[in-house]
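Colleague: There's a structure below that I have some questions on.
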Amino acid sequence: MVQQVQLLTMADIFRFRSENMELNINTPVYYKDYYGIDDEVYKFCQRTYLFFKDKEYSDTLQIMGIVPIIAPQEIYNRKNYKEKIKFLCNKNVVSVEIKMDFDNYYNANSTEKIEQNKEMILRAVERIKTKVKFDYDQFRDDLMSL
């Protein structure tokens, strides 16, 4: 018996992927190099990725990468860290680099850092929802349920 192999086109693959959204929260620029990664925040980022991978909030946007920038103000000025939003692949992918308050984050316990991360994610999504159709309200409700 000969098995037939069906070849998928890139359009087929993208249609398959477009049934969900990837939310990737990167480790914080600067902060991770000097202060490390909080284990509870890392676990939150993993849970968030898994939670959102089966969700859909946009017909266009499929992958969102968020890069927090956490550094003292003098480092922001010296290193020229700037907030950026960059869309790729016909707005199917977005990368958002966004600043967080260093002092608040540095002085926070793990629970407070997670809450600050949630606020940062919402600020990032607020900035992109004006450029692509995105169900911000449902996203916000889902994120706050974590």
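Colleague: Testing residue 142 on (1) assigned to a helix (DSSP H, G or I); (2) open to solvent by 40 Å² or more (accessible area, probe 1.4 Å), one condition comes back false. Which one is that?
Modeller: (2)
Colleague: Right, here's the next one. Taking into account only those residues within segment 129-139 that are part of a loop (DSSP other than H, G, I, E, B) and either touching a residue at least 12 places away in the same chain (Cβ under 8 Å) or of a type in the set (Ser, Thr, Tyr) (or both), which is surrounded by the fewest Cβ atoms within 10 Å (Cβ to Cβ)?
Modeller: Of segment 129-139, the ones part of a loop (DSSP other than H, G, I, E, B) are 129-135.
Retained after the next criterion (residues that are either touching a residue at least 12 places away in the same chain (Cβ under 8 Å) or of a type in the set (Ser, Thr, Tyr) (or both)): 130-135.
Numbers: 130: 9, 131: 13, 132: 15, 133: 12, 134: 21, 135: 15.
Filtering first and then ranking leaves 130.
Colleague: Please find, among 70, 25, the residue that is open to solvent by less than 100 Å² (accessible area, probe 1.4 Å), modelled with pLDDT of 95 or more and touching a Cys at 6+ places or on another chain (Cβ under 8 Å). Spell out how you get there, then give the answer.
Modeller: Details: 70 fails: touching a Cys at 6+ places or on another chain (Cβ under 8 Å).
Going through 70, 25 in turn, just one is open to solvent by less than 100 Å² (accessible area, probe 1.4 Å), modelled with pLDDT of 95 or more and touching a Cys at 6+ places or on another chain (Cβ under 8 Å): 25.
Colleague: Could you list, in sequence order, all residues of segment 76-111 that are modelled with pLDDT of 95 or more and in a loop (DSSP other than H, G, I, E, B)?
Modeller: Those that are modelled with pLDDT of 95 or more and in a loop (DSSP other than H, G, I, E, B): 101, 107, 108, 109.
Colleague: Just name the residue that is farthest from the chain's Cα centre (by Cα) out of those in segment 73-128 that are farther than 15 Å from residue 45 by Cβ and open to solvent by less than 20 Å² (accessible area, probe 1.4 Å).
Modeller: 75
Colleague: Within segment 28-67, how many residues are open to solvent by 40 Å² or more (accessible area, probe 1.4 Å), more than 20 Å from residue 103 (Cβ to Cβ) and under 17 Å from the mean Cα position of the chain (by Cα)? Explain how you work it out, then say what you get.
Modeller: Filtering segment 28-67 down to residues open to solvent by 40 Å² or more (accessible area, probe 1.4 Å) leaves 32-35, 37, 39-40, 42-43, 46-47, 49-51, 53-56, 59-60, 63.
Among the residues that remain, those that are also more than 20 Å from residue 103 (Cβ to Cβ) are: 39, 42-43, 46-47, 49-51, 53-56, 59-60, 63.
Then keep just the ones that are under 17 Å from the mean Cα position of the chain (by Cα); that gives 42-43, 46-47, 49-51, 53-56, 60, 63.
Qualifying residue count, segment 28-67: 13.
The values are calculated or read from the model by the stated rules, or taken from the named source; none is laboratory data. Because the structure is a prediction, the values reported are computed rather than measured. So basically every Cβ, Gly included, is an ideal-geometry build from the backbone, and we count neighbours across all protein chains shown. Quick note on the areas: whole protein, heavy atoms, side chains included, nothing else; ligands and nucleic acids left out. Shrake-Rupley method; radii C 1.70, N 1.55, O 1.52, S 1.80 Å.
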